[in-house]
Every structure is written in structure tokens, then in C-alpha cells.
């Protein structure tokens, strides 16, 4: 319903939407517009919106006030009436003025890609930290958009109110509320970051390596996480099924204990507000001993998705020399010829493994490669202990790979492979004695 220049009413789950994918002809875009449109539809479905129609709109020149030309807007308006949609989703970035003008011309709610992704994150974040991060990102995005309707901060529902609101009122008061609230959120997140940093330091003092699963959203990270840990983390054929980081203990060949981290999926044009807000979470990736980049190898845009993930990793400060493995997932979706070709290409690779996290095919190869990279810097040591030193023997078995063990009178001689820093820690704690 229209009141003056404002668009009122709730548009929530079950709303019918028109999804538009601008195709900028003057720009060379890495992703095919049809693939971009399908991804945008997937984002809408992830928030429970009914996609009535999707359209690719060719654009030769951006219109600063509306993005689209007048003829295109008329065509879009006709489609809105024909499909009886309540919401128009633009798979791209809109300025606040463009958003307001399109709403007035189309007489519908209009949101852009950033707004849609933030809405998904707002609904999915389940931990206190996750909700703080998403709300901060939402406020950072929304503060420039008080030219249009604003949902007051006291209003609470699943998500953060891009899809509906009470109308444009008290703009200056709202701006002050936003600034004050953002200041409080940043202080709370700083406290969370310090706590997470202390936990990370404690893990780093322990001998357990940290492995971070990264990848494009819906590549299968959570399914792989569940396969490796025996957990039941939410894993669905859904964009952004996982937002909050999950840590679990796993065992690998020659490594008694490692920490596996499941992280939020990346996506092309990930909102800068979200990258900034989720910095505390993404630090788990930055400080990981091993990155496992999970790719949906059956996806037609898998190479473009890989480039998007690598770009985000670079943006958040991941060192290029951080050990990493590429996991080509969803082998079960490939035809026999493609399966055979990919398996042949990766058979002798230390950095690429083909798997199906769903069926378990290739998992043993993956765990062996992960262990191999984590233990690559390990050395072989000869350690002599008193036969009665059970604590020292247990420490060696827990923190290294015992290759050989001999008993000579009252001593035990071990051939152990371990990291040099673990060897130093062992000597500090237990000492060593010469062989007789």
C-alpha cells in the first residue's frame, strides 16, 4: 500500500518477488549472467521468498537516479503487475537514491544484493556473537539509507527488517540511534574478540593444529565437517546454511588430535560490511595451520567461485604460504567420464583431492593428505626414557608419531616423528637421558 511517497507494509517469508540481474554490457563480468541470476534466485529462496520470475536486464549505461532506463522500468513494472509480486530484488548494488526512486516508480519494496544477504545473515545467525556481527553490518549498511523507510531498533523479528518497516520518521533521531547503537555493538564485539583471542592463544600453546574449512557457500563444507567429525551441524542444499563457526576435535593419521573449524561460506560481491563485522570469526581462518578449500566441482561456475574465495582470503589477510588443500567435492554428481578424468588428474597431487562428502568417497585420501601437510615439517627424534616414566611415554604417543620402541634393561628407547617445537616442549617438561 502506498502512503504519499512511502511504501508501507510487511514483506516477509512467502512473499512473491521479481529477481532482476543487471547485465552491464560495457563491463567484462567473470560470472555468466544466467549463473548470476540462478544464484540470486537461490539467495531469495534461502530467506523463504517465492521467486515469481527472474529477468536479465542488459544495461549499456548506468542511470544515476534509477540504474535502469525508463523503457526498462516500464517493462519491469508490467512484470510486477503480471506476476503480482510484492518485492523486487536487484542482484547488484543500489545507491540509496536509486533504491528510493525505483520503489516509487515500481510501487513495490526494492532491495539490492547486499540487503538480501544481510537479511539472510540476520535470520540465520544463532549465537550472540553472530547476531552482534550481523546487526553491526546491518546498521553500517542502513545508516546511509534513511532516505527510505527505516525499521526502528526496538523492533525485533527474525532478520533485520529490510523487507518491511513502519515508514520514514524522525530521520535525525534515527541516525543518532544508529551511531550510538553501533558504538555499543563495537565495544561488545571488541570484548568478544579479546575472549576469542585468549581461546586461540590457549589452543596455540597446546600442540593441536587448527584446520579451517573454507569455500563458496553451498560447496559442501558442513557436510564434509559432519563426515570428518561425526557431528550433526546443519548441512542443507541452501545458500548460507552455516553462519556461526563450529569447532570440533578430530584425529588424523599420525596426529592424535586436531581442531577442525567450519566457517561461513563466501560468495561473490560479499558485502564489505559483513567482511568487517565478521572479522573476529574469520580470524579463525587467518590463524589456521591448514586451510581446506572446499569446491563444488560439479557447479558450472566452479572456477569463478574459486577465484572469489581466494580474493576474500586475500582481503582478510590470509598469508599466501599458509598450507592448503583444494577439495573438489560432489564427485557423486559427475558423469563417469568426468569422474575418471578428475581422479586421474589429482591421483598424485599433494594439494588437490576429489571427494564426495555425501557418500564418503575419497575421505581416506583427504585425511592422509591433511596429515601429510600438517606433519611435513616434522622430524625424527630418538628419545630415551626411564621404563617407569609412564607420563613421558604417554606424552610422546599423544603429541608425536611413535615409529619404533625398544626396551633395554630399565630404559625405553623411542623413535618418534614430531614437530621441532613439540620436541623442545618435551625436553623442557621431561628431559632426556643418553642411551646406555
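Quick rundown of the values:
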read-out: Odd one out for residue 31 among (1) in contact with a strand residue (DSSP E or B) (Cβ under 7 Å, 6 or more places away or on another chain); (2) modelled with pLDDT under 90; value: (1)
read-out: Contacts under 6 angstrom Cβ, first residue in region 312-323 being part of a helix (DSSP H, G or I), partner surrounded by 13 or more Cβ atoms within 10 Å (Cβ to Cβ), 6 or more apart; value: 312/266
read-out: Residue check, residue 57 under 32 Å from the mean Cα position of the chain (by Cα) and surrounded by 15 or more Cβ atoms within 10 Å (Cβ to Cβ); value: yes
read-out: Wholly within region 341-436, strands (runs of 3 or more DSSP E) carrying at least 3 residues that are surrounded by 14 or more Cβ atoms within 10 Å (Cβ to Cβ) and either in the same structural domain as residue 292 (by TED's automatic domain parsing) or without any contact (Cβ under 8 Å) to a residue 12 or more places away in the chain (or both); value: 352-354
read-out: Count of residues meeting criterion [in contact with a helix residue (DSSP H, G or I) (Cβ under 8 Å, 6 or more places away or on another chain) and more than 21 Å from residue 208 (Cβ to Cβ)] in region 391-413; value: 1
read-out: Condition met for residue 327 (touching a residue at least 12 places away in the same chain (Cβ under 8 Å), touching a strand residue (DSSP E or B) at 6+ places or on another chain (Cβ under 9 Å) and closer than 18 Å to residue 258 by Cβ); value: yes
read-out: Some residue of region 142-151 being part of a helix (DSSP H, G or I), under 20 Å from residue 24 (Cα atoms) and at pLDDT below 90; value: no
read-out: Filter result (out of contact with any helix residue (DSSP H, G or I) (no Cβ under 7 Å at 6 or more places or on another chain) and over 23 Å from residue 217 (Cβ atoms)) within region 321-337; value: 321, 335, 336, 337
read-out: Selected residue [in the same structural domain as residue 257 (by TED's automatic domain parsing), under 21 Å from the mean Cα position of the chain (by Cα) and at pLDDT below 90] from 326, 320; value: 320
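Results for (1) within 24 Å of residue 184 (Cβ to Cβ); (2) surrounded by fewer than 21 Cβ atoms within 10 Å (Cβ to Cβ); (3) in contact with a helix residue (DSSP H, G or I) (Cβ under 7 Å, 6 or more places away or on another chain), shown as yes or no for each residue.
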position: 86; (1), (2), (3): no, no, no
position: 93; (1), (2), (3): no, yes, yes
position: 126; (1), (2), (3): yes, yes, no
position: 143; (1), (2), (3): yes, yes, yes
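The values are calculated or read from the model by the stated rules, or taken from the named source; none is laboratory data. Given the structure is predicted, the values throughout are model-derived calculations rather than measurements. So basically every Cβ, Gly included, is an ideal-geometry build from the backbone, and we count neighbours across all protein chains shown.
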